[in-house]
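Notes follow the structure.
The values are calculated or read from the model by the stated rules, or taken from the named source; none is laboratory data. Note that this is a predicted model, so its numbers are computed, not measured. Cβ: placed from backbone, ideal geometry, glycine included. Neighbour counts: every protein chain shown.
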């Protein structure tokens, strides 16, 4: 193992890999700052670019985008009270009041430090936990996998969106969308309507770019017609020197909050479907409750920004724990990362550690390194990135629409993918308008083939006898959990709604 | 009652009915199988969509209080019109992209979308469209070595 | 009448050949696109990408490689069928795309709708088991199942292996049930997890057999595996059937022969370079080369073999 780690470290320490990590963080940061661009959108658009890269560079690049996006989104939340991502709503609660008091620089600095620390701690936990969990998971066969997948899908559907039924409908539709393909047993086309291009399933990126990216652009255009494309300039200048700087004392006061919130982020982030919004809200609420002066929160407390940002960023690496351990994506961006692994011929999950241990360790080392690069990039570039806030949608939206077309084209099926992407943009737009969770839809679509394959394998291996479930206690446990999550997750839902943020974590 | 959900549920039930009664019976992916029939999986998912839609229907009719915090209508007719217009613009540009290549398609797409969004200065449109196209084209054909139309 | 047609055909062919020579002199004058019928990460992908480099040098034009997975290579094959017959668009993938897929799927192409440039290597289709199982050969698996009066379950990848084992099952009077898995990796994974009696893959097993995580018990081809000469083949076991999947490169029908020959020569030279040889070896493929004169013939023979298998199973 140590030999592999050294090999991995050597692989990471190349100009190419570090370069791509930095580039990924840089693009992610920009995406986080730009209005209307989410991390998942960016990942969907950038996956085709990684086709030609070696797996390590390509995947580290995408993880960089994911991390950078999360950090960058704090900028708009703090400076203009517009959260770049849903979870940054909480950052804005105390961040914007700080800006109004002329302490924008101070708020940005604590946000950066909290982000980097949360991310770093969470990455370490990921490295420590993923492999032992994967070892446990190796013994699981298709029976257990089927049960885990059924649980994951019902759970994600049950906690997403405002309406329980709409969450389920979105999930089931996503799973249904995975049905058109050559049947895995008879080898005959099923529900393909004569299109040979979808014999291997409907192309992932056509669906992802359509529902995530292009449909969001259509919504943006729509908003413009409603109220013209106004935008606000950021106020970075001004403030006395002590309001601009972050003192060591202030940093140390925030330290316990950062540590606590990071662990909240890790715990919540590693549960599929819960995501960053809930973790940042819970961390904020907890910090506020423990404080001697809870009333001062919402009026510009550094701890508030620290809590939100550390929890939010900690949930990103933590969200990769279920993916590396059992091959289960916990959010749309994790699902897309998983898709990226698969495009490189790698299957995330317990066997990845055994088959490509060096690669996994290299990715982990790259992630730790990314935390450091992020800190430097933030210190040097925060004020430069802040200028991007002023970029108008009139420029941005057309460019992104063009990139959507190119991205879908690059997936491989050529124009077919592009037209399919347009169809899913349409679908995604109406899902957004009718308030169906397209994230649940997308996760269902990605997990569908895996669920069906393992279910049918399980049926053959157990000779189709329900009684043989008795030999698989772990599977029974997950099925019971699935039943519970279908039956009553009202409390979860209330919790989510209490946060006043949707389940649309990307 | 919230009309939107009511009609969404009715629409979904119609979709399920068409799939179950017309599309799947006319399919033929049968053959030798040992685990499950090829149509078991889609049927279960359709049943799931159907049952959840019934749930939504009932909720929409009996529990209007659940929706107090939400807007009544997601879309007005004029918004739908604009949406269809921009969709047509994008589709048209993609057709140009398909038939006349990346440069023509890209310029038409970016220019038309910008005009639609209210930008009429051709100079500004050109300064957005041309560099975007040039950079994308360079990355895709030289760095990724993938031929574009 | 017949003669008139064939004379006319000869004349046309001759004319095409003559004008072709002129074209071949200059060929290639623009980049050549190789479309791989399968996704990134597999053996096909690795070998084709490796051979594109020396070909770029020898042909003096960039040789671009794209992946267009779908329908067992069928999506890419259709692109080639529709391309203009000038040799600038080349399919690379498994020969089963031409020799087997049209038999079981309603494809819009047949094996003779193409100019097959060359078969450039042979996938080593092997059968393997988990080392905790006692089997040393396929015969052991069959005997064990017969003795225990149970069915055999194996990790299957596609329809061809199902047909082959249905043939074996019929001959041996045992039940052999395919457990569907996703590609060579899926079959190896299911076997590593000891979920099945044995598994089938084309080369993916290599590193696992070397590390001792899997044990070879057979070749699924008529001939033995190059790297495991002691392991019995299908014919050795008395089963008159075997798979044979070549890495094939083909182009559009009607491409002038000189162009095809020039491409074949470039592929042949490219395959011989040490870098490509290393890739072929690391992917557990067998280095063979069958040029344009024989390639079409081999594909036809394979097609006939599988057609008979498909027919037999329908009875």
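Could you pull out every one of the helices (runs of 4 or more DSSP H) wholly within the stretch B:67-149 that has 2 or more residues that are under 22 Å from the mean Cα position of the chain (by Cα), facing chain A (nearest Cβ under 9 Å) and touching a residue at least 12 places away in the same chain (Cβ under 8 Å)? Show your work before the answer.
Values: elements: B:77-100, B:102-116, B:122-138.
Per the criteria, B:77-100, B:102-116.
With surrounded by fewer than 24 Cβ atoms within 10 Å (Cβ to Cβ), assigned to a helix (DSSP H, G or I) and either in contact with a helix residue (DSSP H, G or I) (Cβ under 7 Å, 6 or more places away or on another chain) or within 12 Å of chain B (Cβ to nearest Cβ) (or both) as the only criterion, which of A:481, A:447 stands out?
On the way: A:447 fails: surrounded by fewer than 24 Cβ atoms within 10 Å (Cβ to Cβ).
Being surrounded by fewer than 24 Cβ atoms within 10 Å (Cβ to Cβ), assigned to a helix (DSSP H, G or I) and either in contact with a helix residue (DSSP H, G or I) (Cβ under 7 Å, 6 or more places away or on another chain) or within 12 Å of chain B (Cβ to nearest Cβ) (or both) holds for just one of A:481, A:447, which is A:481.
Filtering the stretch C:226-237 down to residues that are in contact (Cβ under 8 Å) with a residue 40 or more places away in the chain and surrounded by fewer than 22 Cβ atoms within 10 Å (Cβ to Cβ), which residue is nearest to residue C:93 (Cα to Cα)? Don't jump to the end; show me each part of the working.
So in the stretch C:226-237, the residues in contact (Cβ under 8 Å) with a residue 40 or more places away in the chain come out as C:226-228, C:231-232, C:234, C:237.
Next, only the ones that are surrounded by fewer than 22 Cβ atoms within 10 Å (Cβ to Cβ) stay: C:226-228, C:231-232, C:237.
Values: C:226: 21, C:227: 22, C:228: 24, C:231: 27, C:232: 27, C:237: 29 Å.
Only one residue tops the list, namely C:226.
Among all residue pairs at least 6 apart or on different chains, which show Cβ distances below 6 Å where the first residue, located in the stretch A:86-114, is outside any helix (DSSP H, G or I) and the second is surrounded by fewer than 24 Cβ atoms within 10 Å (Cβ to Cβ)?
A:86/A:501; A:86/A:504; A:101/A:300; A:102/A:238; A:102/A:239; A:102/A:243; A:103/A:243
Is there a residue being touching a strand residue (DSSP E or B) at 6+ places or on another chain (Cβ under 9 Å) and modelled with pLDDT under 85 anywhere in the stretch A:30-48?
no
Does residue A:397 meet the test of being within 14 Å of another protein chain (Cβ to nearest Cβ) and over 14 Å from residue A:30 (Cα atoms)?
Numbers: within 14 Å of another protein chain (Cβ to nearest Cβ): yes; over 14 Å from residue A:30 (Cα atoms): yes.
Yes, satisfied.
One line per residue, one yes/no per condition, for (1) closer than 30 Å to residue B:16 by Cβ; (2) at the interface with chain B (Cβ under 9 Å from one of its Cβ atoms); (3) out of contact with any helix residue (DSSP H, G or I) (no Cβ under 9 Å at 6 or more places or on another chain):
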{"position": "A:141", "(1), (2), (3)": "no, no, no"}
{"position": "A:150", "(1), (2), (3)": "yes, no, no"}
{"position": "A:171", "(1), (2), (3)": "yes, yes, no"}
{"position": "A:175", "(1), (2), (3)": "yes, yes, no"}
{"position": "A:188", "(1), (2), (3)": "yes, yes, no"}
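Here's the yes/no breakdown for (1) buried (at least 24 other Cβ atoms within 10 Å of the Cβ); (2) under 20 Å from the mean Cα position of the chain (by Cα):
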{"residue": "A:98", "(1), (2)": "yes, no"}
{"residue": "A:109", "(1), (2)": "no, no"}
{"residue": "A:114", "(1), (2)": "yes, yes"}
{"residue": "A:136", "(1), (2)": "no, no"}
{"residue": "A:173", "(1), (2)": "yes, no"}
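Out of all the residues in the stretch A:273-300, which are assigned to a loop (DSSP other than H, G, I, E, B) and buried (at least 24 other Cβ atoms within 10 Å of the Cβ)?
Those that are assigned to a loop (DSSP other than H, G, I, E, B) and buried (at least 24 other Cβ atoms within 10 Å of the Cβ): A:273, A:274.
Filtering the stretch C:65-86 down to residues that are more than 11 Å from chain A (Cβ to nearest Cβ) and under 21 Å from the mean Cα position of the chain (by Cα), which residue is surrounded by the most Cβ atoms within 10 Å (Cβ to Cβ)?
Taking the stretch C:65-86 first, the residues more than 11 Å from chain A (Cβ to nearest Cβ) are C:80-86.
When the remaining residues are screened for being under 21 Å from the mean Cα position of the chain (by Cα), the result is C:80-81.
On the way: C:80: 23, C:81: 18.
Among them, the one singled out is C:80.
Across the stretch A:34-71, what is the number of residues that are within 16 Å of the chain's Cα centre (by Cα) and not in a helix (DSSP H, G or I)?
So in the stretch A:34-71, the residues within 16 Å of the chain's Cα centre (by Cα) come out as A:36-47, A:59-71.
Okay, now just the ones that are also not in a helix (DSSP H, G or I), so A:36-38.
Final tally of qualifying residues: 3.
Hey, any hits in the stretch A:378-393 for a residue that's out of contact with any helix residue (DSSP H, G or I) (no Cβ under 8 Å at 6 or more places or on another chain), at pLDDT below 90 and more than 30 Å from residue B:117 (Cβ to Cβ)?
yes
Of the conditions (1) more than 9 Å from chain B (Cβ to nearest Cβ); (2) buried (at least 21 other Cβ atoms within 10 Å of the Cβ); (3) within 23 Å of the chain's Cα centre (by Cα), residue A:420 satisfies every one except a single condition; which number is it?
(3)
Among the residues that make up the stretch C:122-132, is at least one of them in contact with a helix residue (DSSP H, G or I) (Cβ under 7 Å, 6 or more places away or on another chain), at pLDDT below 95 and more than 21 Å from residue C:225 (Cα to Cα)?
No: zero hits.
Can you tell me which residue among C:270, C:254, C:242 is farther than 22 Å from residue C:224 by Cβ, buried (at least 16 other Cβ atoms within 10 Å of the Cβ) and touching a helix residue (DSSP H, G or I) at 6+ places or on another chain (Cβ under 8 Å)?
Numbers: C:254 fails: buried (at least 16 other Cβ atoms within 10 Å of the Cβ); C:242 fails: farther than 22 Å from residue C:224 by Cβ.
Among C:270, C:254, C:242, only C:270 is farther than 22 Å from residue C:224 by Cβ, buried (at least 16 other Cβ atoms within 10 Å of the Cβ) and touching a helix residue (DSSP H, G or I) at 6+ places or on another chain (Cβ under 8 Å).
Restricting to the stretch A:339-383, what's the tally of residues that are within 14 Å of chain C (Cβ to nearest Cβ) and part of a helix (DSSP H, G or I)? Even if it seems obvious, please write down each step before you answer.
At the first step, the residues of the stretch A:339-383 found to be within 14 Å of chain C (Cβ to nearest Cβ) are A:339-359.
Narrowing the set further to residues that are part of a helix (DSSP H, G or I) leaves A:339-343, A:350-355, A:357-359.
Residues meeting the conditions: 14.
State yes or no: is residue A:437 more than 9 Å from every other protein chain (Cβ to nearest Cβ), over 20 Å from the mean Cα position of the chain (by Cα) and surrounded by 24 or more Cβ atoms within 10 Å (Cβ to Cβ)? Full working, then the answer.
On the way: more than 9 Å from every other protein chain (Cβ to nearest Cβ): yes; over 20 Å from the mean Cα position of the chain (by Cα): no; surrounded by 24 or more Cβ atoms within 10 Å (Cβ to Cβ): yes.
In short, no.
Has the stretch A:447-456 got any residue that is over 28 Å from the mean Cα position of the chain (by Cα) and modelled with pLDDT under 80? Give the derivation first.
At the first step, the residues of the stretch A:447-456 found to be over 28 Å from the mean Cα position of the chain (by Cα) are A:456.
Right, trim to modelled with pLDDT under 80 and you get none.
No; the residues of the stretch A:447-456 include none that is over 28 Å from the mean Cα position of the chain (by Cα) and modelled with pLDDT under 80.
When you go through A:77, A:111, A:42, A:92 one by one, which is the residue that is touching a helix residue (DSSP H, G or I) at 6+ places or on another chain (Cβ under 6 Å), within 22 Å of residue A:443 (Cα to Cα) and more than 14 Å from chain B (Cβ to nearest Cβ)? So that I can check it myself, show each step before the final result.
Numbers: A:77 fails: within 22 Å of residue A:443 (Cα to Cα); A:111 fails: within 22 Å of residue A:443 (Cα to Cα); A:92 fails: within 22 Å of residue A:443 (Cα to Cα).
None of the others qualify; the one that does is A:42.
Just to be sure I understand the filter: pairs with C-beta atoms under 8 Å, separated by 6 or more residues or on different chains, first member in the stretch B:1-29 and at the interface with another protein chain (Cβ under 8 Å from one of its Cβ atoms), second member surrounded by fewer than 13 Cβ atoms within 10 Å (Cβ to Cβ). Which pairs pass?
B:4/B:72; B:4/B:73
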